[in-house]
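The values are calculated or read from the model by the stated rules, or taken from the named source; none is laboratory data. Quick caveat: nothing in here was measured; it's all calculated off a predicted structure. Neighbour counts are summed over all protein chains in view; Cβ atoms, including those assigned to glycine, are modelled from backbone coordinates with ideal geometry. Areas reflect the complete protein model, heavy atoms only, side chains present, ligands, DNA and RNA absent. Shrake-Rupley method; radii C 1.70, N 1.55, O 1.52, S 1.80 Å.
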Amino acid sequence: MTAEQQRLKVNATKKIPLEQWGPYLSERQWGTVREDYSENGDAWNYVPFKQAHSRAYRWGEDGLGGISDFFGNLCFAVSLWNGKDEILKERLFGLGNNEGNHGEDVKELYYYLSNIPTHYYMQMLYKYPQQAFPYQELIDKNRSRSKLETEYELLDTGVFDDNKYFDVYITYAKINKKDIGIRIEIINRGKAAAPITVLPNLWFFNRWQSRNADKKPSIKSIGDECVVKAVHERLGAYYLYYQKPDTTFFTENETNTEKLFGIKNNSIFVKDAFHDAIIHEKNAAALHAKKSGTKFAPVYHCQIAGGAKKTIYLRLSDVNMDAPFAKGFSEIFDRRKQDEEEFYNAILPAHLSDDHKNIQRQALAGLLWSKQYYYYDIERWLSEPDGIAHVSDERGKGRNNDWQHLKNQDVILMPDKWEYPWYAAWDLAFHCVPMAIVDPVFAKHQITLIMREWYMKPDGQLPAYEWNFSDVNPPVQAWSALQIYLIEKNQTGVGDIKFLKKVFYKLIINFTWWINRKDPHGKNIFQGGFLGLDNIGVFNRSIQLHSEAKLEQADGTSWMGMYALNLMDIAIEIAMVDDTLEDSATKFFEHFVLIAEALNQLGMWNEEDRFFYDTLGLPNNTTLQLRIQSIVGLTSLFAVSVIDKSVLHKLQDFTKRITWFEQYRMRNKKFWPNEELAEENLMLISLIPKNKLMALLERLLNESEFLSEGGIRALSKYHDKHPYTVNIEGHNYSIRYEPGDSTTDFFGGNSNWRGPVWMPINFLIIKSIEKFGEFYGAELSIEYPTGSGIYMELSEIAAELSKRVVSLFELDKAYHRKLHGQYNWFYSKPENRNLILFFEYFHGDTGSGLGASHQTGWTSLIAQLIS
């Protein structure tokens, strides 16, 4: 075992398999629902970016390249100043939803380069312009652009021209679990010398003002030494050691009420005091003279020659020591880097190219960096005022008021710690799959956590995300749990049946919620609203139309078919060692058959188009098919399972029941979803029969429809020249192929499902085709691409689709990557060639990255596809 694997083995014995220290600090606490106490629910404007440096948060902290303990009490991050900006660079800047022409968006250049599951080695890179950061220009330009125009990015402003910027590498290397080496390296990429001021910040999350029961912690200097002592009643004592600075500052992590609200401060020692001291030299002497507080920073004024480097070392430890930077201290960074190399060499394929290894490593590094301390108690949030907003009885009836049982205080994988610094139930299910590659124990913990009593509603609903916990996302948790189980079983040779049982019982509760709430007529046809696919519909599927028309969803029904089949597979796996679950496998198999029958026979299949569509039940008892060729109609591919008949020999009751069920249905000429290959001893259970599978694949693999160079589009390109328009009781609704950013305001307008390539959907499609290929083998070949005259087995097609998706990330001979699009001029520079962004989705024609730029997150699934 490698050193990291040995540490993970110890973590696996803990109740919560987590290191006390890690990258748990958010990148954006401002603009979140948790911090919003407004009467109108305007989270983006209640605590906007311009107030973030002056206002103490109530539910968490944020910072640049930071770390914290797992309760977010003591935080460390880096602040910078280039001598020109009006504020310190202490957090990432971006646009609020109302400021961007395509919604919220971070406007910074930063990259997660390294991380391992125990966080004994972590590194991120931040690129800081030497010119004034163009805050207002980015706001003004984006605000002035229409939905039909691209976003105005930081690289468009010219501040990175002529390499006039600093590369700031922030690296953490643990000596042990409570002793952390910190290295800040600043490289001047320009030709001329340039100034930069560096403030490594140590501070406490302010619980003492909003949680009166908490005793105020303190950070104090110790004599004349380069060390401060941080004391917290729960955390204990920690020491921050630092190399000799130019000066040191203390202040309090408390709101500057005078600056923000015109209310006199109790003292000059407020949250943004360092900004005023560095930039305006205001109260600098007093901050230096102060010897204690709740926020501290040593200050380093550096003048770095062109091409030169400055390195600053610090050390955060629970041990009081005399020589924290003794000879050999810097070697810990090399040793932990070696730990990282050995760990990934042990768990990832050895035959990969250097570029593929780099893509995998950065995808997994980003995933590990996305761990965040998330704190939200809705009951307290609704009932306790923040002392700033007007107190209103209406607030108790506000957002998420029916989720008052939800009391979250955990470290959770975030979709993107800036764009989406809050968990999302279906995103998390995808995150856990690549996480299982590096830390299956933590992956199991995460998928189990979302179903615990302080998350799951008493009626069985899972929380969607903080903007609206009652929204409904695809129920992919059972699929995720099964993937995690199989990945770990493949790694170790032993399946964790206890884990499967644990999630199975909770999933049954959630499955029942779906049956009771989303199948109103008991026909096994399901609703669900947008189901995570924001603007995929011709109208907003989460909002009741003006009329009494009722939407019945092909994807809602398909997702539930997949859910039932996944639960059957889990029950079978458990029943192999515990026959008390055998009849549960039968129950979910029979329910799957009924869902499959409904999908195939109750009006969702269009024989002319050979495609599945949503249907609209109109008040006059007629049904209207919404003939939109999108992934809504392709989700039927996802519900597929292959059972080896040797399993059936061991489960005699299950076999007896499905045999009777088959005979009964065949005798009565009812739908039957199974297919068997006697010579292969395999049984295929699929939501769709073979003829419909072939019809869907014909469209899926057509380059003029769904198939792009970078994977499967969310909406067929057919709708580029053939927009779909429907009139519903006098109202016209239209949809057309849009391969890039969204041109609508659906769900904030910051994502688009009307043409781009989405990683999670592509991953599910590829895995499903693999599963079909496992059953059919050489018996079934399909033309790939459609019209090419080249026929391949389904397993070969799945591999080819994987290659297309991976190609988005690959470095070509010109040192370009498709995903970097028009900014390859920057990323082809020698110092930037290995840097990769992991976008939320990708342009349906060019493959350039769109949406959130650090979505690792579900885009880290690329690591699994490469393997």
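Pairs needed: first member in segment 602-618, within 13 Å of Lys692 (Cβ to Cβ) and modelled with pLDDT under 90; second member anywhere, exposed (fewer than 15 other Cβ atoms within 10 Å of the Cβ) and among the hydrophobic types (A, V, I, L, M, F, W, C); C-beta distance under 6 Å; at least 6 residues apart or different chains.
Between residues of segment 602-618 that are within 13 Å of Lys692 (Cβ to Cβ) and modelled with pLDDT under 90 and residues that are exposed (fewer than 15 other Cβ atoms within 10 Å of the Cβ) and among the hydrophobic types (A, V, I, L, M, F, W, C), there is no close pair.
Residue by residue through segment 438-477, note down the ones that are within 18 Å of the chain's Cα centre (by Cα) and not in a loop (DSSP other than H, G, I, E, B).
Scanning segment 438-477 gives Val438, Pro440, Phe442, Ala443, Lys444, His445, Gln446, Ile447, Thr448, Leu449, Gln477.
Mind listing whichever residues of segment 356-378 are open to solvent by less than 30 Å² (accessible area, probe 1.4 Å) and part of a helix (DSSP H, G or I)? Break it down into steps so the answer makes sense when it comes.
Here is the first cut: in segment 356-378, the ones open to solvent by less than 30 Å² (accessible area, probe 1.4 Å) are 359-360, 362-378.
Correct list: Ile359, Gln360, Gln362, Ala363, Leu364, Ala365, Gly366, Leu367, Leu368, Trp369, Ile378.
Tell me, please, whether a residue that is over 30 Å from Pro739 (Cβ atoms), assigned to a helix (DSSP H, G or I), among the β-branched types (Val, Ile, Thr) and touching a residue at least 12 places away in the same chain (Cβ under 8 Å) can be found in segment 522-533.
Here is the first cut: in segment 522-533, the ones over 30 Å from Pro739 (Cβ atoms) are 522-525.
Checking which are assigned to a helix (DSSP H, G or I) leaves us with none.
Within segment 522-533 (the criterion being over 30 Å from Pro739 (Cβ atoms), assigned to a helix (DSSP H, G or I), among the β-branched types (Val, Ile, Thr) and touching a residue at least 12 places away in the same chain (Cβ under 8 Å)), the answer is no, since none of the residues qualifies.
All but one of (1) open to solvent by 60 Å² or more (accessible area, probe 1.4 Å); (2) in contact with a Lys or Arg (Cβ under 6 Å, 6 or more places away or on another chain) hold for Asp224, so report the exception by its number.
Asp224 satisfies every listed condition except (2).
What number of residues within segment 256-302 satisfy the criterion of being of a type in the set (A, V, I, L, M, F, W, C), over 26 Å from Tyr238 (Cα atoms) and in contact (Cβ under 8 Å) with a residue 60 or more places away in the chain?
Residues meeting the conditions: 5.
Yes or no, residue by residue, for (1) within 33 Å of the chain's Cα centre (by Cα); (2) in a loop (DSSP other than H, G, I, E, B); (3) within 22 Å of His53 (Cβ to Cβ); (4) β-branched (Val, Ile, Thr):
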{"site": "Lys216", "(1), (2), (3), (4)": "no, yes, yes, no"}
{"site": "Gly223", "(1), (2), (3), (4)": "no, yes, no, no"}
{"site": "Arg234", "(1), (2), (3), (4)": "yes, yes, no, no"}
{"site": "Phe249", "(1), (2), (3), (4)": "no, no, yes, no"}
{"site": "Thr255", "(1), (2), (3), (4)": "yes, yes, yes, yes"}
{"site": "Glu258", "(1), (2), (3), (4)": "no, no, yes, no"}
{"site": "Val270", "(1), (2), (3), (4)": "no, yes, yes, yes"}
{"site": "Phe274", "(1), (2), (3), (4)": "yes, no, yes, no"}
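Considering only segment 627-641, state which residues are part of a strand (DSSP E or B) and open to solvent by 10 Å² or more (accessible area, probe 1.4 Å). Step through it out loud before you land on a result.
Applying the first criterion (part of a strand (DSSP E or B)) to segment 627-641 yields 630, 640-641.
Selection gives Val640 alone.
If you scan segment 207-258, which residues turn out to be closer than 24 Å to Phe325 by Cα, at pLDDT 95 or above and among the charged types (D, E, K, R)?
Lys220, Lys229, Lys244, Asp246
Of (1) within 18 Å of Gly41 (Cα to Cα); (2) not in a loop (DSSP other than H, G, I, E, B), Ile412 satisfies all except one. Which?
Just one mismatch for Ile412, condition (1).
Would you say His390 is closer than 30 Å to Leu819 by Cα, of a type outside the set (A, V, I, L, M) and open to solvent by 20 Å² or more (accessible area, probe 1.4 Å)? Talk me through it step by step, then tell me what you get.
Details: closer than 30 Å to Leu819 by Cα: no; of a type outside the set (A, V, I, L, M): yes; open to solvent by 20 Å² or more (accessible area, probe 1.4 Å): yes.
No.
Which helices (runs of 4 or more DSSP H) sit wholly inside segment 650-725 and have at least 1 residues that are buried (at least 21 other Cβ atoms within 10 Å of the Cβ) and touching a helix residue (DSSP H, G or I) at 6+ places or on another chain (Cβ under 8 Å)?
Correct list: 652-667, 690-700.
Search segment 284-340 for residues being within 30 Å of Glu4 (Cβ to Cβ) and among the hydroxyl-bearing types (Ser, Thr, Tyr), and hand back the single one that is least open to solvent (accessible area, probe 1.4 Å).
The extreme case among them is Ser317.
Inside segment 47-148, counting only strands (runs of 3 or more DSSP E) that do not spill past its ends, which hold 2 or more residues that are touching a Pro at 6+ places or on another chain (Cβ under 9 Å) and buried (at least 22 other Cβ atoms within 10 Å of the Cβ)? Walk me through it before giving the result.
Values: elements: 67-69, 74-81, 109-115, 121-129.
Hits in segment 47-148: 74-81, 109-115, 121-129.
Which condition does Val647 not pass, out of (1) buried (at least 20 other Cβ atoms within 10 Å of the Cβ); (2) in contact with a helix residue (DSSP H, G or I) (Cβ under 9 Å, 6 or more places away or on another chain), if it passes all the others?
The number of the failed condition is (1).
The conditions are (1) touching a Ser or Thr at 6+ places or on another chain (Cβ under 6 Å); (2) of a type outside the set (A, V, I, L, M, F, W, C); (3) not in a helix (DSSP H, G or I), and Asp569 fails exactly one of them. Which is it?
Evaluating Asp569 over (1) touching a Ser or Thr at 6+ places or on another chain (Cβ under 6 Å); (2) of a type outside the set (A, V, I, L, M, F, W, C); (3) not in a helix (DSSP H, G or I) leaves (3) as the failure.
Residues being in contact with a Ser or Thr (Cβ under 8 Å, 6 or more places away or on another chain) and open to solvent by 10 Å² or more (accessible area, probe 1.4 Å): count how many of those fall in segment 180-204.
3
State all residues of segment 1-44 that are among the aliphatic types (A, V, I, L, M) and in a loop (DSSP other than H, G, I, E, B); if no residue qualifies, say none. Walk me through how you get there before you give the answer.
Kept after step one, since they are among the aliphatic types (A, V, I, L, M), are these residues of segment 1-44: 1, 3, 8, 10, 12, 16, 18, 25, 33, 43.
Selection gives Met1, Ala12, Ile16, Leu18, Leu25, Val33.
Take segment 473-498 and flag every residue that is free of Cβ contacts under 8 Å to residues at least 60 places away in the same chain and either open to solvent by less than 10 Å² (accessible area, probe 1.4 Å) or hydroxyl-bearing (Ser, Thr, Tyr) (or both).
Within segment 473-498, the subset free of Cβ contacts under 8 Å to residues at least 60 places away in the same chain is 473, 477, 480, 483-484, 486-490, 492-494, 496, 498.
Those that are free of Cβ contacts under 8 Å to residues at least 60 places away in the same chain and either open to solvent by less than 10 Å² (accessible area, probe 1.4 Å) or hydroxyl-bearing (Ser, Thr, Tyr) (or both): Gln477, Ser480, Ile484, Thr492.
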